[in-house]
1. I need the trypsin sites (Lys or Arg not before Pro) found in region 91-146, filtered to DSSP loop residues with at most 16 other beta carbons within 10 Å of theirs.
2. Arrange the residues Leu180, Leu191 by how much accessible surface each exposes, largest first, with a 1.4 angstrom probe.
3. With the cut-off at 30 Å, tell me which of the pairs Lys88/Lys144; Lys71/Lys123; Lys34/Lys107; Lys34/Lys156; Lys168/Lys189 have Cα atoms farther apart than that.
4. Protein chains only, probe 1.4 Å: how do Ser94, Ser68 rank by accessible area, largest first?
5. What part of the accessible area of region 129-189, given as a whole %, is carbon or sulfur when the probe is 1.4 angstrom?
6. Give me the distance between the Cα centres of region 186-208 and region 34-112, rounded to whole Å.
7. Go through region 117-148 and name the chymotrypsin sites (Phe, Trp or Tyr not before Pro) that are in a DSSP coil and have 12 or fewer other Cβ atoms within 10 Å of their Cβ.
8. From largest accessible area down, sort Ser133, Ser69; use a 1.4 Å probe on the protein chains.
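The values are calculated or read from the model by the stated rules, or taken from the named source; none is laboratory data. Bear in mind the structure is a predicted one, so any value in this text is a computation, not a measurement. All Cβ positions, glycine included, derive from the backbone under ideal geometry; neighbour counts span all protein chains shown. Side chains included, ligands, DNA and RNA excluded: accessible areas come from the protein's heavy atoms. Shrake-Rupley method; radii C 1.70, N 1.55, O 1.52, S 1.80 Å.
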Amino acid sequence: MSSSPPQSPENRSVSTNAAAAAALARARQAPTQKPAAQLAAEHDQRQTFRRLIDPGIIRPNSKEQAMSSLKTLLTIAENLLRDPENPKFKQFKSTNSIIQRELMNPKGAIEYAIEMGFRPEVKDFQPYYTFNSRHMGDLQVGAKILRDHIDLETEKEERIVRARANEKANIAAAAERVKLAFMDDRRSKELKDEMERQQRMARAAAPSDSTSPRASISTVPSTLSGSVVVDDGQDNGEQSQLDKPPPYSH
């Protein structure tokens, strides 16, 4: 049995380095397991954001206003996540008309922005809410909870719209069936009336009993202005005296 030749120090070094690199690559690809305490903290944070949405924003405001405020909050968060170094996305002015309408006036909306990492401050005697980069993780979680809630509500609304459209279509189809059935009944009645009319016309055009050949036989009158022949039941050809002419007188 042949044995493999011993490796040189250079070859052993290359093999060791390759194995270490492969192990490092596998470690990077393997999912990082978060500690239980961190998982629990993230769960509590998601629950906090959910409570800030409902009951915090949903219940005290109208449905339209609540959804509009949530969409505004999501726009602010997504702009900052997409371009975190852009200074115009790191702050908003509390006296801005849109911010007043969507975040300051509705109940619970500005509290959600604060939980995502925006803090009130004054710059050049103007009130602002400025994002602190240390709260980037809070911003990511808050944005995801907003997105999930908005997507869920949008899906619900689309189902309601589809259900209403189907209901209207079913009502229209039922009305059309009733209309077609009524038209069929009317056509059937018109055909029946026309057949009866033609039958009446045919009966009216037919000859009556008074004009039949058997009813047109003439009767013989009981008295005539001439002589009457009386059959006395004899076959000798003799005639009754009533038939004889008066005797000739000289």
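1. Details: sites: Lys93, Arg101, Lys107, Lys123, Arg134, Lys144; in loops: Lys107.
Sparse-neighbourhood loop trypsin sites (Lys or Arg not before Pro): Lys107.
2. Values: Leu180 85, Leu191 115 Å².
Listed by decreasing accessible area, they come as Leu191, Leu180.
3. Working: Lys88/Lys144 22 Å; Lys71/Lys123 27 Å; Lys34/Lys107 35 Å; Lys34/Lys156 34 Å; Lys168/Lys189 32 Å.
Lys34/Lys107; Lys34/Lys156; Lys168/Lys189, as the Cα separations exceed 30 Å there.
4. On the way: Ser94 10, Ser68 40 Å².
So the residues, ranked largest to smallest area, are Ser68, Ser94.
5. Values: 2510 of 4470 Å².
Taking all protein chains in place, region 129-189 shows 56 percent carbon and sulfur surface.
6. For region 186-208 versus region 34-112, the Cα centre distance is 81 Å.
7. Numbers: sites: Phe118, Phe125, Tyr128, Tyr129, Phe131; in loops: Phe125.
Filter output for region 117-148: Phe125.
8. Numbers: Ser133 70, Ser69 0 Å².
From most exposed to least exposed: Ser133, Ser69.
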